[in-house]
Amino acid sequence: MVKDALLGLLEGSRGAFVSGEEVALRLGVSRNAVWKAAEALRREGYCIESVKNRGYRLAESSDRLSPQGIRKYLPASLPVRLEVIPSAASTNDLVRARAEAGESEGLALFAEEQTAGRGRLARSFYSPCDTGIYMSLLLRPVRYTAAQAVRITSAAAVAVSDAIARVSGRDARIKWVNDVYIEDKKVCGILTEASVSMEDNCLRYVVLGIGIDVYEPEGGFPPPLEGVAAAVYSAPRGDGKNELAAAVLSRFFELYSHLDDPAVMEEYRRRSCVVGREIDVLSARGARRARALNIGADGHLLVRYEDGSEEKLYAGEISIRI
């Protein structure tokens, strides 16, 4: 489509004007077709500026997710297919349906909002329009068991925390099992869902869902998230979402290519905000106070309770005592 090709050109020269004549020549269309494509992009919310005798440009302050915007930050060899849609009930549900229909590994689906986003333990995940990155990635690891799937979640948490630190300069830390925190407030949740073959107990596919609060919603986070959730950026940043999304994907695929390397879990442990701290281990029976001692190579959290007993937690919920 002319519209998508125009967006790709403008993303590639963000902040600089490209003449309508040059665009028409490069795309092999009429200048009127270029004008119509620019108008279509404006209707979709892209900030396209046009000046007579100078042409078109994508405003430097524009921060709208797009495949073209993400792609320009990615290595050309990265095995990912990017799709961005305006809204979804749940990106994980959409990608799961695509997986069941035979979609191959590497689909990365983004939505600008989710109307029924969810996290672990069937909790809802607040996903308002234009403020976050809500993505699901389809993976088909070869000969991987359900028990090994924790490595994918761990790699994703490392990728998000590394990407946030690199792009924003802020110190991002991992809260066991699958959340990323900045200054003891949650900025990212990760939900890994999988289909397992009953024949060999190996994964048929994995849907990796990642939700990042890039900006604080207008009016702040609603209860009960107020005081608990935070955003990566404190102010609007031109192309902030595209750059951060690309950084997450790049880092994740680096780690995904060698999930069995002990260095992945070592990095997960190094970025932990839990080890060495007082926590509450939460269960249906209530909260039990403990100290987080270490994270094992298989992803378990070793804790010591007040009575001196120790336990390896492989799943569950904890809260950090502030």
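The values are calculated or read from the model by the stated rules, or taken from the named source; none is laboratory data. Fair warning: this is a prediction, and the values are worked out from it, not measured in the lab. We place every Cβ from the backbone using ideal geometry, glycine too, and count neighbours over all the protein chains shown.
Listing for the model above:
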{"read-out": "Qualifying residue in region 179-202 (condition: assigned to a loop (DSSP other than H, G, I, E, B), within 25 Å of ASN294 (Cβ to Cβ), assigned by TED's automatic domain parsing to the domain that holds LEU82 and among the acidic types (Asp, Glu))", "value": "yes"}
{"read-out": "Residue check, TYR205 among the aromatic types (Phe, Trp, Tyr) and assigned to a loop (DSSP other than H, G, I, E, B)", "value": "no"}
{"read-out": "Top-ranked residue in region 115-133 [being part of a loop (DSSP other than H, G, I, E, B) and either among the basic types (Lys, Arg) or in contact with a Lys or Arg (Cβ under 6 Å, 6 or more places away or on another chain) (or both); ranked as nearest to GLU44 (Cα to Cα)]", "value": "PHE125"}
{"read-out": "Candidates SER104, SER136 - the one that is part of a loop (DSSP other than H, G, I, E, B), among the small types (Gly, Ala, Ser), assigned by TED's automatic domain parsing to the domain that holds VAL248 and at pLDDT 95 or above", "value": "SER104"}
{"read-out": "Residues (within 16 Å of ASP261 (Cβ to Cβ) and of a type in the set (Phe, Trp, Tyr)) located in region 133-153", "value": "TYR144"}
{"read-out": "Members of region 295-322 that are of a type outside the set (Phe, Trp, Tyr) and in contact with a Gly (Cβ under 9 Å, 6 or more places away or on another chain)", "value": "LEU301, LEU302, LYS312"}
{"read-out": "Scope region 24-73; condition part of a loop (DSSP other than H, G, I, E, B), crowded, with 19+ Cβ neighbours inside 10 Å and either among the aromatic types (Phe, Trp, Tyr) or in contact with a strand residue (DSSP E or B) (Cβ under 7 Å, 6 or more places away or on another chain) (or both); matching residues", "value": "TYR46, LEU65, SER66"}
{"read-out": "Those residues of region 139-165 which are of a type outside the set (A, V, I, L, M, F, W, C) and surrounded by fewer than 16 Cβ atoms within 10 Å (Cβ to Cβ), in sequence order", "value": "ARG140, ARG143, THR145"}
{"read-out": "Any hit, region 266-275, residues being closer than 30 Å to ARG64 by Cβ and under 18 Å from the mean Cα position of the chain (by Cα)", "value": "yes"}
{"read-out": "Selection status of ALA111, out of contact with any Asp or Glu (no Cβ under 7 Å at 6 or more places or on another chain) and under 27 Å from SER257 (Cα atoms)", "value": "yes"}
{"read-out": "Residue within region 79-91 that is buried (at least 16 other Cβ atoms within 10 Å of the Cβ), in contact with an Asp or Glu (Cβ under 9 Å, 6 or more places away or on another chain), hydroxyl-bearing (Ser, Thr, Tyr) and assigned by TED's automatic domain parsing to the domain that holds ILE133 present", "value": "no"}
{"read-out": "For SER30: the one exception among (1) outside the structural domain of ILE85 (by TED's automatic domain parsing); (2) in contact (Cβ under 8 Å) with a residue 12 or more places away in the chain", "value": "(2)"}
